[in-house]
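> I have a structure I would like to understand better, so I am pasting it below and will then ask my questions one at a time.
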Amino acid sequence: MKFLEYTPFDSINLFLDNLDLGDCTIRGNLEAFSCKHTGNDRRLSISLEHEILDCLGKSSDSDHSSPVEHLSSRSSRKALIYLVLTLSHMYPDYDFSAVRAHLFFKEEEWESFREMIDTYLSEASKQWAARNEGTSLLDSMTNVIDEVIKIRESDIYSYNPDQDGDPFLEKGVIWSINFFFYNRKLKRVVSFRCSCISKISGDDFLTSALSDGDEEDALIDMDI
């Protein structure tokens with residue numbers, strides 16, 4: 001996968017880079033990739049293909065509930081491999097398994113993406129509008145994504161792994177959303193990852209309480 005420098009993403013990425021919302025911080029960015037093998041991509045792609053085929057071979061013909069059953073289609077396998085390769089480029093130190101990743105990818109509609117943005121980035125959208133003459137953050141994102149990927153011609157996926165398989169997690173994360181737009185004809189993938197990080201979490205919360213002179217109350221509330 002080849003990372004594509006795409007200038008129209010810059011303003012949105014700059015805005016969502018550690019956006020201060022008071023008690024929490026928003027971190028998000030858009031990235032574009034060309035589905036062209038670079039570096040170790042070809043070797044990893046072959047490895048992922050063999051992994052999927054091996055899993056398909058081991059699954060029972062009567063087991064229609066197998067999580068990899070629909071991957072018998074080469075186009076479906078190819079799409080999954082491109083998505084996994086994209087993740088591998090985003091997080092080069094993380095080991096992704098194609099079959100395991102499949103458990104967490106879900107096909108979505110454009111409306112699902114819109115609803116996610118409206119729900120999770122409502123406060124961010126207000127700040128964007130205030131800084132950009134009332135323009136909509138969602139509309140701005142839609143326009144730049146459509147320029148590079150042609151949304152109506154793309155398959156949309158969300159990625160929601162469990163805690164053990166989530167490279168997006170870090171201390172204090174309240175929520176994270178991860179969407180991928182894959183255009184088969186253009187052979188491109190656009191990724192959007194965004195998370196909300198609490199400024200006060202875990203030990204920081206207790207430290208804050210103690211520093212405010214609430215040591216006794218904090219210890220009582222801990223129910224030792």
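The values are calculated or read from the model by the stated rules, or taken from the named source; none is laboratory data. Here the structure is a predicted model, which means the values were calculated and not measured. Don't worry about glycine lacking a Cβ; one is built from the backbone with ideal geometry, like all the others, and counts go over all protein chains shown. Areas reflect the complete protein model, heavy atoms only, side chains present, ligands, DNA and RNA absent. Shrake-Rupley method; radii C 1.70, N 1.55, O 1.52, S 1.80 Å.
> Excluding ligands, DNA and RNA, what is the solvent-accessible area per residue of the range 106-155 at a probe of 1.4 Å, expressed in Å²?
62 Å²
> May I pose another question? Which order, highest average first, do 41-48, 132-139 follow once you tally other Cβ atoms within 10 Å for each residue and take the mean per peptide?
41-48, 132-139
> Still on this model: Given 0.36 nm per residue, what is the gain on full extension from Asp118 to Thr142 after removing their alpha carbon distance, in nm? If you can, show how the numbers build up before the last one.
Values: separation 24, 0.36 × 24 = 8.64 nm, distance 1.26 nm.
In short, 7.4 nm is gained.
> Rounded to whole Å, give me the distance from the Cα center of the range 100-130 to that of the range 74-97.
For the range 100-130 versus the range 74-97, the Cα centre distance is 21 Å.
> For the range 1-137, what class follows from the C-alpha gyration tensor (a ≥ b ≥ c being the square roots of its eigenvalues): rounded when a/c is under 1.5, otherwise prolate if a/b is larger than b/c, else oblate?
Values: a/c = 2.85, a/b = 1.92, b/c = 1.49.
It comes out prolate by the Cα gyration axes.
> Shifting gears a bit: For a protection proxy built on the mean count of beta-carbon atoms within 10 angstrom, sort 72-78, 122-128 highest first, please.
Ranking the peptides 72-78, 122-128 by packing returns 122-128, 72-78.
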